[in-house]
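What follows is a short report on a single structure.
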Amino acid sequence: MLVEYIPILVILAMALIVAAGILVLTHIVNPRIRNPIKLTTYESGIEPQMEARLRYPIRFYVVAMMFILFDVEVIFMYPWAVVYKQFLSQGWFIFWEMIIFLAILFAGYIYLYRRGGFQWE
Amino acid sequence: MVNSATVELVVSAVKVFIVVNVILLMVMVMILAERRISAFIQDRYGPNRVGPFGILQPIADGIKFLFKEDVIPYHVDRFLYLLAPAVILVPSLMTFAIVPFGSSFSFYWGDTPVHVRLQIADLNIGILYFVGIASLAVYGLVIGGYASNNKYSMFGGLRSSAQMISYEIPMGLAIVSVVMLTGSLRLSDIVADQQHMWNVVRQPLGFLIFLVAAFAETNRLPFDLPEAEQELVGGYHTEYSSMKFSAFFIAEYANMITSSALITTLFFGGYHVPFGILEALNLPVAWEVVVHVLSFSIKTAFFLFVYLWVRWTLPRFRYDQLMNLGWKSLLPLSLVNVVLTGIGIAIF
Amino acid sequence: MVATALFYIFAAIATAGAIMVVAQRNPVYSALYLVLTLFALAGEYVLLMAHFIAIVHVAVYAGAIVVLFLFVIMLLNVRLEERAPDAFRYMIYAGLPMAAILFVEMGYFAFRGFQQAMVQGTRVGLVESIGRALFSQYVLPFEVASILLLVAMIGALYLSKRKLEIVAFKRPRSKKERLKVMMYEEEH
């Protein structure tokens, strides 16, 4: 069973080699002619104002939070999907289990929807 | 007698080497195809000077990238700035590992029988491997945006990561409905299950959701908000130059290739040939393997073409429309699809 | 043999990553080292045959939760970690004994586990066995988990509410709501 995972290590090594290769190649081959203007922030030719690391809208936080919650929900559904067909031989119980789970979450979804949780201005 | 672990290691190393190189080659082909097809759609010529029909254009592009100046601006966070292209490139090359691109064949190495499955790793968590590794691609964008210390980059990085995570949910739910049909996460099982009927017939809605989500995940038009040229200059890679800049594009095209391959595998029967044509032809076994690989390649190439086709046909979404589509339409729709699939399986 | 070697490699990466999480002064770096640690732990799970747990570890922790951390760090524009105010100066006297107790506890259980046989070759962590257990024996905890997620959902909305309130009344349904919108718009 562990043998299955050997190729993953191999492809990880290969991907790392490609990525490192590109970085090293850039460092060696590409020419570098420095001048202070070239090294400033790109701002379409305008003098950069302030730092870029400002504060950003809380929307992104809400989206990330919602993502985690629904991601966990989806993760729960994978084992369910795998055993679904086998459990069906014992009746609809497996179906209603997931329906209850989804219904509770969907109530939250509707609440969020109504309160504008998904509204993006 | 050769040790079985050694055989496994050597075989997988050969497969990985070939697959990664084919992906990189396909990236070059795609760059050319993108330019030629966009030209065709817009009724112009496109690059046709380098080599016959311009087929050497990608090589010219590559050389150009190599000899462009490598600028590392001094306001960036140096370590993270260099890390970002690598972080975005590694997952994009790794996700292809689980895609079965052909059936299997055997040969003898000395007197050891070697069975080669045309798939780098047939994991028991199968498709979940894709979900997990693909979700790591977000880091490349966030780190790139943050390290660049540029407002455009920062906005591009935040926007694209919010977009990617928003569409991961519908994509996951579409995958769940496919897994329900097969009862296994292994992609080889999912492909074997489709020998007689493609999943797209049983999961038309799931296919559409997956397709839309795949477009959003790869940041392609109509969802290329992060690099919306008119408003964000170049998004998270504004401050990058030379080969580092190209790394972002290699990653994007590699992701497109993997997505197309997964659409083929999950919904279009993988390497199977439709309508029992292969059985009717009655080919020798060795040729069957070739036909399988060919069938897989043609289907994948078609979806790669769809990517380009859509890009040059549809206009870009607005950001609020994009988020609305993800959270208000696709999410409930994919939940409904899962429930419908459940009822369908229970009844039939 | 190889598995043991891999175990130590992953363990070393995880430990080094965890130390770096605490030692780094830039929170973005801390978050990234956390990803490295989680990755190494996923490797350990694979070695323990808990494949499903391993990939969930990558998909949920590395792919979602640390992304949230990064977002929050960036949204708040947390710079280098600032010196802890004096109020926390005495924390060390509470913290050190707690850490010592924790270490003894962990050491005890690790030792006991070492004396018993190592868990090997079990099929507990495979997706099918988890599915079987979760949807027959542990149905109630599973359903309760959904309530937990629901509470978290509402909590997240509440935390970011100030601005959302106005959006909720975007299409005002009563006179009172319309008035509220107008008042809000006047204020801003």
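Every number in this text was worked out from the coordinates using simple rules, so none of it is lab data. Note that the coordinates shown come from a computational prediction; the quantities given were computed from them, not determined experimentally. Because the Cβ atoms are built from the backbone with ideal geometry, glycine has one as well, and the counts that use them run over all protein chains shown.
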Check: Between B:Ile343 and B:Arg78, what FRET efficiency comes out of the Förster formula 1/(1 + (r/R0)^6) with R0 = 60 Å and r the beta carbon distance, rounded to 0.05?
Finding: 0.60
Check: So for the pair B:Ile63, B:Thr313, with labels modelled 7 Å out along Cα→Cβ, what separation do we get in nm?
Finding: 3.7
Check: If you count, for every residue in B:162-171, the Cβ atoms of partner chains within 10 Å of its Cβ, what is the mean?
Finding: 5
Notebook entry, point to check: In sequence order, what are the phi-derived ³J(HN,Hα) couplings for region C:38-47 according to the Karplus relation 6.51 cos²θ - 1.76 cosθ + 1.60 with θ = phi - 60°, rounded to whole Hz, with x for glycine and proline?
Noted result: 4, 4, 4, 5, 4, x, 4, 4, 4, 5
Margin query: Modelling each spin label as a point 7 Å along the Cα-to-Cβ direction, I'd like the B:Lys328/B:Gln195 distance in nm, to one decimal.
Written below: 4.7
Check: Taking θ as phi - 60°, what are the ³J(HN,Hα) couplings along region B:51-58 by the Karplus curve (6.51, -1.76, 1.60), each to the nearest whole Hz, with x for Gly and Pro?
Finding: x, x, 6, x, 6, 8, 3, x
Item checked: Prolate/oblate/rounded call for region B:1-85, Cα gyration tensor, a/c under 1.5 rounded -> oblate
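Percent relative contact order of region B:26-97, based on C-alpha pairs within less than 8 angstrom and at least six residues apart?
Details: 28 pairs, mean separation 12.8, N = 72.
Relative CO of region B:26-97 lands at 18 percent.
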Note to self: Just to check, using Stokes-Einstein with a Kirkwood Rh over alpha carbon pairs, what's the diffusion coefficient of chain B at 20 °C and 1.002 mPa s in µm²/s?
What the structure shows: 99
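Name the shape class, rounded, prolate or oblate, that the alpha-carbon gyration tensor gives for the protein assembly as shown, where a ≥ b ≥ c are the square roots of its eigenvalues, rounded holds for a/c under 1.5, and otherwise prolate holds if a/b is larger than b/c and oblate otherwise. Write down the numbers at each step before the final one.
On the way: a/c = 1.22, a/b = 1.08, b/c = 1.13.
Taking the square roots of the gyration eigenvalues as a ≥ b ≥ c, the protein assembly as shown is rounded.
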Notebook entry, point to check: Once phi is turned into ³J(HN,Hα) by the Karplus curve 6.51 cos²θ - 1.76 cosθ + 1.60 with θ = phi - 60°, what whole-Hz value does each residue of region B:323-332 show in order, with x for glycine and proline?
Noted result: 5, 4, 4, x, 8, 9, 10, 5, 5, x
Notebook entry, point to check: Under a 5 Å amide H to amide H cut-off, with H placed in plane at 1.01 Å, what residues pair with B:Val114 once short-range neighbours are removed?
Noted result: B:Phe107, B:Tyr108, B:Trp109
Next item on the list: Just report the Cα centroid separation between region C:57-78 and region B:72-112, whole Å.
Entry: 23
Checklist line | Folded to 0 to 90 degrees: helix B:285-311 orientation relative to chain B principal axis, Cα | finding: 30
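Show me the ranking of peptides B:199-208, A:78-87, B:237-246 by mean Cβ neighbours inside 10 Å, starting with the highest. Before the final figure, lay out each step's value.
Values: B:199-208: 18.8, A:78-87: 21.8, B:237-246: 23.7.
Most protected by this proxy first, the peptides run B:237-246, A:78-87, B:199-208.
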Next item on the list: Note the angle between two axes, namely the Cα long axis of helix A:93-114 and the longest principal axis of the Cα atoms of chain A, as a number of degrees from 0 to 90, rounded to the nearest 10.
Entry: 50
Checklist line | Cα-projected label distance for A:Ile28 with A:Val3, points at 7 Å along beta-carbon direction, nm | finding: 3.8
Item checked: Cβ-defined net charge surrounding B:Arg311, 11 Å radius [Lys, Arg +1; Asp, Glu -1] -> 0
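Report, in deg cm²/dmol and to the nearest 500, the calculated mean residue ellipticity at 222 nm for chain B, where each DSSP H run with n ≥ 4 adds -39500 (n - 2.57) and the sum is divided by the residue count.
Numbers: 15 runs with 228 residues, N = 348.
For chain B, the value works out to -21500 deg cm²/dmol.
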Next item on the list: For n ≥ 4 DSSP H runs only, could you compute -39500 (n - 2.57) per run for chain A, divide by its residues and tell me the 222 nm figure to the nearest 500?
Entry: -22500 deg cm²/dmol
